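Below: the structure, in structure tokens.
The values are calculated or read from the model by the stated rules, or taken from the named source; none is laboratory data. Please read these numbers as outputs of a predicted model, since none were measured by experiment. All Cβ positions, glycine included, derive from the backbone under ideal geometry; neighbour counts span all protein chains shown.
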Amino acid sequence: MKKSSVKVKTFVFMMMVLFTHLLAQKPSKLFHYGNLFQVATFHIGTGIDFNAPNGGDMGLILGGSTGWNYLFLSDVDIGLRFKYLYTGTDVATHSVGVIMYAHSWNMPNNGLFSFALGGGMLVASHNLQYDIGGYIELGTAFLKSFFPINGDLLYRASFYPQENPFGMDEMVHSIQIVFGFF
């Protein structure tokens, strides 16, 4: 047997032991691991802008976030993360902001879903023209405890100046689904 094969099998076995141990923990321990494993998170997803100049404009979303999913390590808790997202639609946007999560570990939710509320600023660009705006978002987050993949389903309202160079409405509505990987 090759040495690299033994190392891979040992690593897989140790990961299985770790995740079996995590599943047997009390909720407060899971919150702690959810924080440790998700201090920095990579995001990928998709979104659709409904009242963009070209109608429904769909694009790829890439980004990252950092923060704590659980601040108080209790049955009802909040999390706070700073995030950056790039949305590649006809009018591409770079958004920087904060998102807050409200979690409940009580039944029937049992940590599966969380309420998400966020906001920040965005820089939009198209054909070498730029403008600055803002956004607010709200929705549902799922599997934020200690899973390696989690997600957010968000409604976003983006605000642009009245005389923007893109022909965008002052408020653009969009739906986004963004997955987080750590």
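Taking the residues in segment 143-156 that are assigned to a strand (DSSP E or B) and either surrounded by 15 or more Cβ atoms within 10 Å (Cβ to Cβ) or in contact with a helix residue (DSSP H, G or I) (Cβ under 7 Å, 6 or more places away or on another chain) (or both) as candidates, determine which candidate is modelled with the lowest pLDDT.
Start the filter on segment 143-156 by keeping residues that are assigned to a strand (DSSP E or B), which leaves 149-156.
Restricting the remaining residues to those that are either surrounded by 15 or more Cβ atoms within 10 Å (Cβ to Cβ) or in contact with a helix residue (DSSP H, G or I) (Cβ under 7 Å, 6 or more places away or on another chain) (or both) gives 150-154, 156.
Values: N150: 89, G151: 93, D152: 95, L153: 97, L154: 97, R156: 95.
The extreme case among them is N150.
Let's see how each residue does on (1) in contact (Cβ under 8 Å) with a residue 24 or more places away in the chain; (2) over 11 Å from the mean Cα position of the chain (by Cα); (3) crowded, with 19+ Cβ neighbours inside 10 Å:
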{"residue": "I78", "(1), (2), (3)": "yes, yes, no"}
{"residue": "G88", "(1), (2), (3)": "yes, yes, no"}
{"residue": "A92", "(1), (2), (3)": "yes, yes, no"}
{"residue": "Y101", "(1), (2), (3)": "yes, no, yes"}
{"residue": "S158", "(1), (2), (3)": "yes, yes, yes"}
{"residue": "F166", "(1), (2), (3)": "yes, yes, no"}
{"residue": "V178", "(1), (2), (3)": "yes, no, yes"}
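Identify, by number, the condition in (1) within 19 Å of F42 (Cα to Cα); (2) modelled with pLDDT of 95 or more; (3) in contact with a Phe, Trp or Tyr (Cβ under 8 Å, 6 or more places away or on another chain) that V178 doesn't meet.
It fails just one condition, (3).
Being touching a Lys or Arg at 6+ places or on another chain (Cβ under 8 Å) and surrounded by 21 or more Cβ atoms within 10 Å (Cβ to Cβ) narrows it down to one residue among G67, G118, G97, G63; which is it?
Details: G67 fails: surrounded by 21 or more Cβ atoms within 10 Å (Cβ to Cβ); G97 fails: surrounded by 21 or more Cβ atoms within 10 Å (Cβ to Cβ); G63 fails: surrounded by 21 or more Cβ atoms within 10 Å (Cβ to Cβ).
Checking each option against the conditions leaves just G118.
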